[in-house]
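Below is one structure; the comments refer to it alone.
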Amino acid sequence: MKRTLTGWVMLVGIGVALVNAAPVSSQQSAPGGVRVDTVMVRGNQRIPEGTIRGGSGLQPRTNISAADVQQAIRRLMNTGSYSTVQVLGEGEPGRRFALIIDVEERPLIASYGFRGLERVNPKTVRDTLKLEDNRPLDPDVVLRTESMIRDLLARQGVQVQSVDTVLTPVAGRTGTYQLTFDVREGNRLAIADIEFRGNQAFPDAALRSAMNTKREGFLWLRPGRFDREIFRIDLQKRLPDFYAERGYIDFAVVSDTLIIDPESGKARLQVTVAEGPQYRLGEFTVAGNSRFPSEQLARYFTSESRTVLGLPFGRAGERERGEVFDRVALNSAIQQVQQLYKNEGYLYAQVEPVLKRVPATSPREQPRVDVTWAISERQPFYIRNVAIVGNQTTHESVIRDRLVVFPGDVYNEERLIQSYQSIGALGFFETPMPTPDINPDAEAGTVDITFHIKEKQTGNINFGTSIGGSVAGRGGGISGFLGFTEPNLFGQGKQASLRAEYGPGRNTFEASYTDPALFGSRNSGSTSLFHTSDRYSPFNDGRRVRTGASLQLGVPLPNLRWSRAFVGYSLSRTSYRAVNEDCADTGSIFCLPSATASTLSLGLSRDTRNHPLFPSGGTRHSISTAQTGGPLGGDGNFQKATTEMEWWIPVGQLGGGQPGQRPIRFALGLQARAGSIFGDASRFPFERFFLGGTTFGQTLRGYEESTITPFGYVPRNANFASGQRLGDAFLVVSSEYAVRINDNLSVSLFGDAGNVWRQARYIDPTRLYRGLGIGATVVTPFGPIGLDYAYGFDKTQPGWQFHFKFGQGF
C-alpha cells in the first residue's frame, strides 16, 4: 500500500494534521475522530512495541482524535526515554487506516564514570545529583553534572581546563552505554593579592575585609582559594552593600581582572570601582497606604535599632535628615513592611522605593536623597482551604491540632511558618518538609494552602543481654533488657513505652501510656506502672527501689490555645538498700526505712515554642504543686512547689532564601527554674533537691553530679554524707545562644548559675555557682544525646567539666 500524508502527520511534541481528501477532513472534525484499525511501532531498538503502544494510550479499532494523538506524544516524551516521537498516518480515513508511532530512543546509561577527577570525590557528585544507573540519557543531567564538577573544583581554587563526555557501548546490550565524564583539572589557584583601583573613600584593607574572597595567609589557616561563585557575590552584593550602608548608592564595579602566574599557580585580583558621591538622607515620605498609618510604616526605617554583638540590646535611635543615607537599612525596612502586609493577608502588596537624588548647592554641602515609599496594597486574601497531603499513618486530626491557620482567616505568613514548624516538631515526618503550596485566586481574593508531608518510622524495639559479672556478691549470671517505644501509636499521636530489665539482683519493669486526645477530645491523659531500682545514682552508698503507679489528666484552658491544667495522683512504695548495712550513724539516705508515698498534684503549663527540642522562638511556663501524705495517707506530710520559665527569641538566620531551603537559625534563650519543699520530706530524700551535673537532680553544668550542697561546694570524693547534699529549695538560671543547624542538630554557647538551700527563706540570688561552656545536641533513633563542656568558676579549684546527657535539656 502506498504511504501518503493524506492521514495525520504528527511532529515532535505537538501534533499537526495535514488532510487532503474531503471525507478525511470531515471525519477529523467529527467529535468521534477517525477510526483507526491498526497501531504500529517503528524505530524502537530496546524498548518493546507493547510498552510503547501501551504508554501512548492509542488503541486499535477505536476512534482517535487529534487531541488523543497530541496526548499520546506528550505521554511518551514525558517518560524521558525518547529524543523524538512522531505519529504518522497510513491509508485512507474511512477505509483501512493505520497509525505508526515512529520513535527515536535515547541511549540507556548503564552506569556513570569519572576520569581525571582527583580533587573531588566522584561519590559526592553522584549522590548530590542522584545519578541513577540504567536510566535514559538526560541532557539536562549531563549539563548539571558538568556544572557541579566545575563548581566543586572552583570552591577548592582549581581551574578546570575541560569536561568532556564519552559514551562507550556496553557489549551485548543494544542502545546501552557507559557515560564517562573526562575531566582535565588545572592548577590550584591561590590569591596572592587583591588590589583595588578607583577607591578614594575607603582603603584597600577595608574593601578586602568586606569580601569573602581572601588573600593567601599564614599556613593552612587562610589558603586563599579562589571560588568564582563567592567572588561573583562579592562583586554583586557584598561590595555594593558595604558602600550603600555608607551613603554611596551610585557605587559600581567597573571591571575585574584575574592575573594568573601559570608556573606558580598564584593569582592577583584587580578590581576597578567607581564610588560616586556620598549621599545624605533628605525627606522621607510614605504614599499609597490605607491599611496602616504612615507613621507606623515609617518607623520601620526611621527607628534605628542598636545592637551589642549582633544581639538586640541597647537603645534605639531615630534616623534624622542630614544623616548618611543607609540603603541597606532601607531595603531591610522594606522587607519588614512587606512582611507586615503579608501577615494581614495582602499577598500582592508592594513597596517600591523612589529615590530622588538632589545635588549639592554649594561646595560645603553634600548631595542628598529624598526617599518615598510608593505602596500598592491591593486586596487582602482569605484562606479558603487548608489541605494535608502525604499522611499515610498519622491521622489528619493529629496534624491539624498543630495548625494555627484556618479556613476563613486572613492569610498570615507568620502563622503559616509557625504551623509548618509545629508539624515538623511532631517528629513523625521526614524533615525538612517541602515548602507548603500557596495557591491564591486573585479574582475571589482567597488562597488555598497545602502541607506536604512524608511519614517516617517512629517506634523502635531494642534489647540486649550479657553473661557474667556479679551483683552485690551474688555471682555471675544472665542479665539483659527489652524495650519498646512508640510516640505515634495507631497514628493518633498516642505514646507508649515499655522497658524490662532482668538479672542477678536486678529486676525492673516500666510501662507508660499517654493519650493527647482522650476519646477524640482535647483532654489528655497518661498512666504508668513501675517497679524500678536506680541503675545509676548520684550517690554511691546504696540504691533505691520504687514500686507503684500514677495517673494524670489534662484539660485545655478556655480561650488559651497552648495552655493546659493538670491533675494527677500517684501511689508508690520506696525501699532503700545501703551498701553498708551498719550505717545508722553515717547519715546515709539509704539507711532510711521503707516508705509509702500518696501524692496529689496540680499544675498549669503554657507552651508556645516553635519546636519542642530546638526552639528558636516562643515561651514555656509551668508551675506545679503537690501534696504527699498527710490527709492523703501514707508516710510523710509535705508540699512541693516547682516552677519553670523559658523564653526564646530569634536573632538571625543563615540561608533559606530560596523555596525549599531550610535556614540555619540563631536563637537566644533564657530559662529560670525554682522549687521548694515545705513540711517533713525526710522519708523521701529523692523528692528533695540536689544540684550539679546533668544526669541527676537539677542541672548545673561545669560541676560534677550533686556537688553543690546547702553547705557550699563539696567534691564527690569528700567524706560527706549523702543526706547532707540535699536541700529543700533551689534556684537555677540559664542563658543560651543556640545555632539550630537543622531539626536533628544544634550547638550552643551557654551559661548557668544556681544554688541549693536548706529552706526557701534562705534563697539568695546573689550567691549562685556559675558555669560557662559550649555544647551540642544530636537527635538519634534512641532519643536526643548531648555533649557539654563547661567551666565551673566557683569550685575549690576552678576548671573544666565534661558532661554527657541523654534526653531533652535546655
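What number in nm² do you get for the chain if you take the convex hull of its Cα atoms and divide its surface by four?
Over all viewing directions, the chain projects a mean Cα-hull area of 52.6 nm².
How would segment 733-802 be classified by its alpha-carbon gyration tensor: rounded, prolate or oblate, with rounded meaning a/c under 1.5 and the a/b versus b/c comparison settling the rest?
prolate
For n ≥ 4 DSSP H runs only, could you compute -39500 (n - 2.57) per run for the chain, divide by its residues and tell me the 222 nm figure to the nearest 500?
That calculation yields -4000 deg cm²/dmol at 222 nm.
Among the DSSP beta bridges whose two residues both lie in the chain, what percent are antiparallel, rounded to the nearest 5?
85 percent
Order PHE802, PHE284, PHE690 by their accessible area, 1.4 angstrom probe, all chains in place, largest first.
Ranked list, largest accessible area first: PHE802, PHE284, PHE690.
Taking the Cα centre of the chain as origin, sum charge times position over the Cβ atoms of Lys and Arg (+1) and Asp and Glu (-1), and report the length of that vector in debye to the nearest 20.
Approximately 700 debye in magnitude.
Can you give me the % of accessible surface on the chain that is carbon or sulfur? Probe 1.4 Å, all protein chains present, nothing else counted.
Within the chain, the accessible surface is 52 percent carbon and sulfur.
Full-extension gain between PHE804 and VAL324, please, as 0.36 nm times their residue separation minus the C-alpha to C-alpha distance.
167.7 nm
Taking loop as defined by DSSP and a crowding limit of 15 other beta carbons within 10 Å, which trypsin sites (Lys or Arg not before Pro) in segment 365-440 fit?
Here the sparse-neighbourhood loop sites are ARG378.
For the chain, find the longest principal axis of its Cα atoms and tell me its angle to the long axis of helix 139-155, 0 to 90°, nearest 10.
The answer is roughly 50 degrees.
Given an 8 Å cut-off on Cα distances and at least 6 residues of separation, report the relative contact order of segment 43-188 as a percent.
Normalised by residue count, the contact order of segment 43-188 is 23 percent.
Which shape class, rounded, prolate or oblate, goes with segment 366-457 when its Cα gyration tensor gives a ≥ b ≥ c as root eigenvalues, a/c under 1.5 marks rounded, and past that a/b bigger than b/c marks prolate?
Prolate.
Can you find, among LEU426, THR450, LEU768, the residue farthest towards the positive end of the dipole of the chain? Put +1 on the C-beta of Lys and Arg, -1 on that of Asp and Glu.
Checked the options; the winner is LEU426.
Hey, which of these cross-link pairs are over 27 Å Cα-Cα: LYS130/LYS266; LYS342/LYS456; LYS130/LYS494; LYS456/LYS494; LYS214/LYS356?
In this structure, LYS130/LYS266; LYS342/LYS456; LYS130/LYS494; LYS214/LYS356 exceed 27 Å between Cα atoms.
If contacts are Cα pairs under 8 angstrom and at least 6 residues apart, what is the relative contact order of the chain in percent?
In percent, rounded to a whole number, it is 5.
Put a dot 7 Å past each Cα toward the Cβ at THR608 and VAL170; how far apart are the dots in nm?
Calculated label separation equals 5.9 nm.
Express the accessible area of the chain per residue in Å², computed with a 1.4 Å probe while the remaining protein chains stay in the model.
Accessible area per residue, the chain: 52 Å².
Between PHE720 and GLN156, what FRET efficiency follows from the Cβ-Cβ distance if R0 is 56 Å, with the result rounded to 0.05?
Taking R0 as 56 Å, the efficiency between PHE720 and GLN156 is 0.45.
The values are calculated or read from the model by the stated rules, or taken from the named source; none is laboratory data. Since this is a predicted model, take the numbers as computed values, not measurements. Backbone-built Cβ (ideal geometry, glycine too); neighbour counts: all protein chains shown. Side chains are part of the model used for accessible areas, which takes the heavy atoms of the whole protein and leaves out ligands, DNA and RNA. Shrake-Rupley method; radii C 1.70, N 1.55, O 1.52, S 1.80 Å.
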